[in-house]
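Asks: I am attaching a structure below and will ask some questions about it afterwards.
None of the figures in this text is laboratory data; all of them are computed from the coordinates on show. Just so it is clear, the model here is predicted, and its values are computed rather than measured. Note: ideal-geometry Cβ built from the backbone for every residue, glycine included; neighbour counts use all protein chains shown.
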Amino acid sequence: MSDKPSKDADRDVTAEFSDVLRAQKEKQERLRHVQEFVTTPTFLDFAQMSVEVSDDPEQLEARRRDITYRIEILRSVLGLLEDELEAMDRVSSVQERDKA
């Protein structure tokens, strides 16, 4: 009878690791797409985005939309990195629990 709880615990740990690995693979894929965009040299080239007093409202609005879009991309990257830290914490927790 003492064998059964051990097998159930092993299944739980295996299922938890599988979930963590699947989520991590999905996040890595999203991060690859965002990374491709972020590493584009023009993404952080603010020289092209200088604002001139003579710019018409349409140009200013276009720049505003572009900057807002870039901010959203950076927020996505931050979110993915925070998710990655949480996944590492979960794995560490499972490993610590497994050692006990």
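Asks: Could you work out the local net charge near residue 80, counting Lys and Arg as +1, Asp and Glu as -1, over the other residues with Cβ closer than 12 Å to its Cβ?
Replies: So the environment of residue 80 carries a net charge of -2.
Asks: Let me ask you something else. Taking the Cβ of residue 13 as the centre, find all other residues whose Cβ is under 14 Å away and add up their charges (Lys, Arg: +1; Asp, Glu: -1).
Replies: Summing Lys and Arg as +1 and Asp and Glu as -1 gives -2.
Asks: Given R₀ = 35 Å, what would the calculated FRET efficiency be for residue 74 paired with residue 54, taking r from the Cβ atoms and rounding to 0.05?
Replies: Once rounded, the FRET efficiency stands at 0.75.
Asks: Treat the count of other C-beta atoms within 10 Å as a stand-in for reagent exposure and order 17, 37 from fewest to most.
Replies: Ascending Cβ contact count within 10 Å gives the list 37, 17.
Asks: Continuing with the same structure: Please report 99, 7 as a ranked list, fewest other C-beta atoms within 10 angstrom at the top and most at the bottom.
Replies: Fewest-to-most Cβ neighbours within 10 Å comes out as 99, 7.
Asks: Just how many % of Cα pairs in region 3-99 lie over 16 Å apart, if you round to the nearest whole percent?
Replies: Value for region 3-99: 68 percent of Cα pairs lie more than 16 Å apart.
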